[in-house]
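The values are calculated or read from the model by the stated rules, or taken from the named source; none is laboratory data. Here the structure is a predicted model, which is why all the values come from computation and not from measurement. Here the Cβ positions follow ideal geometry from the backbone for every residue, glycine too, while neighbour counts run over all protein chains shown. The protein model used for the area step is the full one, side chains on, heavy atoms only, and it has no ligands, DNA or RNA in it. Shrake-Rupley method; radii C 1.70, N 1.55, O 1.52, S 1.80 Å.
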Amino acid sequence: MNTTKKTTQFTRLALLAALLVVLGCTPLGFISIPPISITLMHIPVIIGSLMLGATYGGVLGLVFGLVSMLKAATSPNPADLVFSPFASGMPLASLVMCIGPRVILGILPAILNKLLFKVLKKQAINFTISACISTAVHTILVLGCLSLFFKAIPVQEIFMYIIGVNGVLEMVAAGVLATGVCVPLKKNHVI
């Protein structure tokens with residue numbers, strides 16, 4: 001990769017990372033609806049993965065994880081405190097739960113998009129499917145970590161609510177927004 005292209009990629013990465021920090025520091029990134037918080041922060045991560053590739057997507061996932069971990073430490077929702085290694089009582093479990101699923105979220109869309117392109121050759125459909133599946137996997141991984149590490153939390157009681165409402169809303173938002181942003185960018189060769 002030549003220097004100009006590398007600089008352009010790093011600039012795009014920095015812009016998306018800055019967007020994640022802004023979303024994390026405002027009510028736009030985490031919409032608190034007790035007992036949970038719905039996030040929109042996964043969308044820039046997915047867009048970055050689809051546009052910049054799995055490596056940059058993984059970096060954006062890491063930024064998402066770090067921002068969400070810091071946000072959880074100051075959250076008014078008691079359920080969010082398990083995401084904070086400072087407040088959960090299980091710092092390593094909180095770190096794994098905050099970072100692991102978010103990094104995977106950043107890597108997965110690019111991989112899925114490449115695999116789907118071999119079969120479908122329809123960019124918009126590939127983006128939508130990649131965004132939706134990645135969001136679903138992220139939700140399942142986070143809930144799996146909650147269940148595995150924090151058994152005292154009534155995960156099964158809220159599991160259907162989260163999957164039924166929160167997960168579906170996040171999937172739809174990711175599919176629509178990621179496709180709506182990525183298709184024109186690719187079409188116009190912006191990224």
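It is to be established whether one or more residues within the range 84-93 are surrounded by 15 or more Cβ atoms within 10 Å (Cβ to Cβ), at negative phi and in a helix (DSSP H, G or I).
There is at least one residue in the range 84-93 that is surrounded by 15 or more Cβ atoms within 10 Å (Cβ to Cβ), at negative phi and in a helix (DSSP H, G or I).
With the condition kept exactly as written, say whether any residue in the range 48-56 is surrounded by 22 or more Cβ atoms within 10 Å (Cβ to Cβ), hydrophobic (A, V, I, L, M, F, W, C) and assigned to a helix (DSSP H, G or I).
Yes.
Has the range 62-73 got at least one residue that is over 17 Å from L112 (Cβ atoms), open to solvent by 20 Å² or more (accessible area, probe 1.4 Å), modelled with pLDDT under 85 and not in a helix (DSSP H, G or I)?
No, that holds for no residue.
How many of the residues making up the range 130-160 are at pLDDT below 65 and assigned to a helix (DSSP H, G or I)?
6
Give me the pairs, please: first residue somewhere in the range 82-108 and in contact (Cβ under 8 Å) with a residue 60 or more places away in the chain, second residue anywhere and surrounded by fewer than 17 Cβ atoms within 10 Å (Cβ to Cβ) and among the β-branched types (V, I, T), beta-carbon distance under 7 Å, and either six or more positions apart or on two chains.
Partner pairs satisfying both residue conditions: V82/I153.
Can you name every residue in the range 164-186 that is open to solvent by 20 Å² or more (accessible area, probe 1.4 Å), among the small types (G, A, S) and touching a residue at least 40 places away in the same chain (Cβ under 8 Å)?
A173
Anything in the range 74-83 that is open to solvent by 20 Å² or more (accessible area, probe 1.4 Å) and either under 16 Å from A174 (Cα atoms) or assigned to a loop (DSSP other than H, G, I, E, B) (or both)? List them, or say none.
T74, S75, P76 - these are the residues of the range 74-83 that are open to solvent by 20 Å² or more (accessible area, probe 1.4 Å) and either under 16 Å from A174 (Cα atoms) or assigned to a loop (DSSP other than H, G, I, E, B) (or both).
When the residues of the range 94-117 are filtered to those that are in contact with a Pro (Cβ under 9 Å, 6 or more places away or on another chain) and open to solvent by less than 30 Å² (accessible area, probe 1.4 Å), which remaining residue is farthest from I129 (Cα to Cα)?
Taking the candidates together, the pick is S94.
Out of all the residues in the range 107-145, which are of a type in the set (G, A, S) and within 13 Å of I47 (Cα to Cα)?
Those that are of a type in the set (G, A, S) and within 13 Å of I47 (Cα to Cα): A110, A124, S130, A131, S134.
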